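The values are calculated or read from the model by the stated rules, or taken from the named source; none is laboratory data. Owing to the predicted nature of the structure, the values given are computational and were not obtained by experimental measurement. Cβ placement follows ideal geometry from the backbone for every residue including glycine, while neighbour counts extend to all protein chains displayed.
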Amino acid sequence: MKIRLRSHLFDLPVQELRRGYRSDIYFWRSKIALERHGLHPQVTMQVFQKNHAVLGGVDEALAILKLASGRWRDYDHACKLFDRFIELKRQAREHYMSDRARYLDIVRQRLDISAELDTLWEDGFAALQLSALHDGDEIAPWESVLHITGDYALFAHLETIYLGVLARRTRVATNVRAICRAARGKTVLYFPARFDHWAVQGGDGYAAHIGGAAGVSTDAQGEWWGAAASGTVPHALIAAVGGDSVQAVQIFGETYPEVRLVALVDFENDCVATSLQCARALGQKLWGVRLDTSENLVDKSVVDAMGDFKPTGVVPQMAFKLRAALDRENFQHVKIIVSGGFTPEKVALFEQAGAPVEAYGVGSYLLQGCFDFTADIVLKDGRPCAKVGRWFRANPRLEPVQEG
């Protein structure tokens, strides 16, 4: 039986979720309308999407339902408290730099309000029945990935949140899996942090992990699954020491001797020459080199071979030339990593050519695509009750979700 991640790992804004603060307003208003009229429809909500995909975000979605399904006993009082909670959040940002004592007092007030809101909250998760697939499962179009059965008013306000989580994480997991398959078992490094908002890194890093990525570039991306960030010397450090790639790698290695030392070797657009310079200077200390030539440039090492391939950017011919040059000088231990505009098709091109590459660093491709999830009520009181074109889809792969 597969193990699900525990709810506390996700660091969810619980009070905001319970209030519907991050949900489409019509879901929150629907919840309140049902409760104010004493209506508690027993429904089955069905969640699906329309692509072949690798499922991600299930455990996070379940954590949202576990922590934020329910109701407040006194809505008027709770909403007033919540409004104050949000106002204090704004004030905390305002005073963080200017008045530290005031900032800390505001933080204490927010904690007190959060605790009071907790006392007003009636948990509803225990009254729901859920069955779900697992993160990392491969899914078919229209396949049910989650069924939620129970009083709709307990979880109506959460639809925006859990659907968004599933869409985002599934996109990352699916894209990573596609790259990993093209790489034929070689290491795939998840490097898109600079192309997106910082706040998504934890969940996206975990989605990359379930998709098959072996490394991430930020500590936050590895937080949920215990991975440490890794990476090479950046172009900025090379520029900061006057464009001397060897010096940049040397000071980096001296500062972090426990880290695998990988040189970035395209700064002067001559990857073979720069790689040899770094290898000669560092010897066994150099673990690898990374090719990252711009897609608008032709590296000097392949100029004499042009004629029957597209020469711009990082191409298999560069890797072959570099491997031969390193081996001639007995630097067989130096591994080659490639990055820069890699897609499944580009990775497949390298693999079909038998390029001597150790790992692929992939960035913006991993955030592309659309994997929108939909939630429909398909049963009410156990009987069909869905919009035209939708119906209950049983799925024997779904597993009951235990409370905890």
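Loosely packed, with under 15 Cβ neighbours inside 10 Å, among the β-branched types (Val, Ile, Thr) and not in a loop (DSSP other than H, G, I, E, B): does that describe Val262? It is false that Val262 is loosely packed, with under 15 Cβ neighbours inside 10 Å, among the β-branched types (Val, Ile, Thr) and not in a loop (DSSP other than H, G, I, E, B). Checked against the criteria, Asp270 counts as at pLDDT 95 or above and either assigned by TED's automatic domain parsing to the domain that holds Thr232 or surrounded by 18 or more Cβ atoms within 10 Å (Cβ to Cβ) (or both). Taking the stretch 369-382 as the range and being within 30 Å of Ala182 (Cα to Cα) and either surrounded by 11 or more Cβ atoms within 10 Å (Cβ to Cβ) or in contact with a His (Cβ under 9 Å, 6 or more places away or on another chain) (or both) as the test, the residues that pass are Gly369, Phe371, Asp372, Phe373, Thr374. When the stretch 383-397 is filtered for residues that are more than 32 Å from the chain's Cα centre (by Cα), exposed (fewer than 11 other Cβ atoms within 10 Å of the Cβ) and part of a loop (DSSP other than H, G, I, E, B), the ones remaining, listed by number, are Lys387, Val388, Gly389.
Residue by residue, here is whether (1) of a type in the set (Val, Ile, Thr); (2) assigned by TED's automatic domain parsing to the domain that holds Ala386; (3) at pLDDT below 95 holds:
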| site | (1), (2), (3) |
| --- | --- |
| Leu111 | no, yes, no |
| Glu116 | no, yes, no |
| Glu122 | no, yes, no |
| Ala126 | no, yes, no |
| Ala183 | no, no, no |
| Pro192 | no, no, yes |
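Does at least one position in the stretch 63-70 carry a residue that is basic (Lys, Arg), more than 26 Å from Tyr152 (Cβ to Cβ), not in a loop (DSSP other than H, G, I, E, B) and not assigned by TED's automatic domain parsing to the domain that holds Ala220? The answer is no, given that none of the residues of the stretch 63-70 is basic (Lys, Arg), more than 26 Å from Tyr152 (Cβ to Cβ), not in a loop (DSSP other than H, G, I, E, B) and not assigned by TED's automatic domain parsing to the domain that holds Ala220.
Of all the numbered requirements in (1) more than 29 Å from Val172 (Cβ to Cβ); (2) part of a helix (DSSP H, G or I); (3) touching an Asp or Glu at 6+ places or on another chain (Cβ under 7 Å), Asp118 misses one, and that requirement is (3).
Would you be able to say whether some residue in the stretch 135-151 is of a type in the set (A, V, I, L, M, F, W, C) and in a helix (DSSP H, G or I)? Within the stretch 135-151, none of the residues are of a type in the set (A, V, I, L, M, F, W, C) and in a helix (DSSP H, G or I).
Residues of the stretch 24-69 that are closer than 20 Å to Leu12 by Cβ and either polar (S, T, N, Q) or at pLDDT below 95 (or both): Ser69 alone.
If we keep just the residues of the stretch 73-92 that are within 32 Å of the chain's Cα centre (by Cα) and not charged (D, E, K, R), which is nearest to Phe125 (Cα to Cα)? The residue in question is Phe82.
Residue-by-condition table, conditions (1) touching a Lys or Arg at 6+ places or on another chain (Cβ under 8 Å); (2) buried (at least 22 other Cβ atoms within 10 Å of the Cβ):
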| site | (1), (2) |
| --- | --- |
| Thr187 | no, no |
| Ala193 | no, no |
| Gly202 | no, no |
| Ile210 | no, yes |
| Ala214 | no, no |
| Asp219 | no, no |
| Trp225 | no, no |
| Thr232 | yes, yes |
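Note on the stretch 280-305: among residues that are modelled with pLDDT under 95 and of a type in the set (Val, Ile, Thr), the one that is surrounded by the fewest Cβ atoms within 10 Å (Cβ to Cβ) is Val303.
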